[in-house]
Amino acid sequence: MAELDKTGIYRMMHIDNVPHVLQHGIAHASSPNANTSYVSIGDSSLISSRSQFKMPNGKALGLYIPFYFGARMPMLYVIQKGFNTVPSVPPEKIVYCVSTVQKMIDHDLPFVFTNGHAVDGFTEFFDKKDVQNIDSLIDKPAIGAKYWKQDNDNDLKRRKEAEFLVESDIPPEAIVFWIVYNEAAKNELINKGVPANQIYVKPDYYF
């Protein structure tokens with residue numbers, strides 16, 4: 001049986017969004033708790049296409065708050081380096097907000113998860129009834145891979161980008177810890193109100 005309290009889910013965000021998250025949690029753009037000063041670090045064209053993408057349950061992908069199951073994702077590379085018309089963001093301004101699958105269950109939050117990038121045609125979608133089998137449904141070695149290009153595995157990138165998608169707002173109490181690039185970022189988070197014992201400095205989670 002899966003150890004869901006040890007199955008981490010990771011959401012990247014700009015460090016300036018942290019105070020709002022500490023007060024209101026992670027909120028949808030349409031939520032009454034939405035961050036009106038939200039600083040985006042994503043690919044705006046991808047965000048737009050996700051809002052139009054219909055999932056097998058008939059709902060739009062853009063209605064869900066996405067997490068990854070690991071770090072060093074291709075999108076982080078794009079954000080740090082500034083590719084595909086995405087403005088580059090220094091790694092010390094990017095933080096990981098980390099929770100667990102069990103926390104989502106404990107707070108009775110509606111979710112689905114995938115075994116690859118959500119908009120890829122090969123990707124399968126799963127829901128709460130499948131969650132105890134999550135270890136066999138997602139590819140953990142692919143998710144943990146440092147790089148995503150292999151000559152003998154053209155599907156590695158898709159599997160690495162498996163997603164955990166939450167339909168409702170996520171309360172602050174569901175956040176377990178934060179990951180930052182360096183000590184300067186840690187100090188900034190402390191100044192924003194994050195307890196020091198909830199912050200981990202992991203430069204190897206960045207590019």
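The values are calculated or read from the model by the stated rules, or taken from the named source; none is laboratory data. Predicted model, so just to flag it, every value in this text is computed and none were measured. All Cβ positions, glycine included, derive from the backbone under ideal geometry; neighbour counts span all protein chains shown.
Residues of segment 103-124 that are in contact with a Pro (Cβ under 8 Å, 6 or more places away or on another chain) and either modelled with pLDDT under 95 or crowded, with 17+ Cβ neighbours inside 10 Å (or both): ALA118 alone. Selection of segment 170-207 for residues being of a type in the set (Ser, Thr, Tyr) and assigned to a strand (DSSP E or B) yields only TYR200. If the condition is being of a type in the set (Gly, Ala, Ser) and either more than 18 Å from VAL166 (Cα to Cα) or not in a loop (DSSP other than H, G, I, E, B) (or both), then segment 2-41 contributes ALA2, GLY8, SER37, SER40. In segment 174-187, the residues that are of a type in the set (Lys, Arg) reach residues that are at pLDDT 95 or above and assigned to a strand (DSSP E or B) with C-beta atoms within less than 9 angstrom, at least six apart or across chains, in these pairs: LYS186/TRP178; LYS186/VAL180; LYS186/ILE199; LYS186/TYR200; LYS186/VAL201. Against the list (1) part of a helix (DSSP H, G or I); (2) more than 17 Å from PHE67 (Cβ to Cβ), the condition PHE122 fails is (1).
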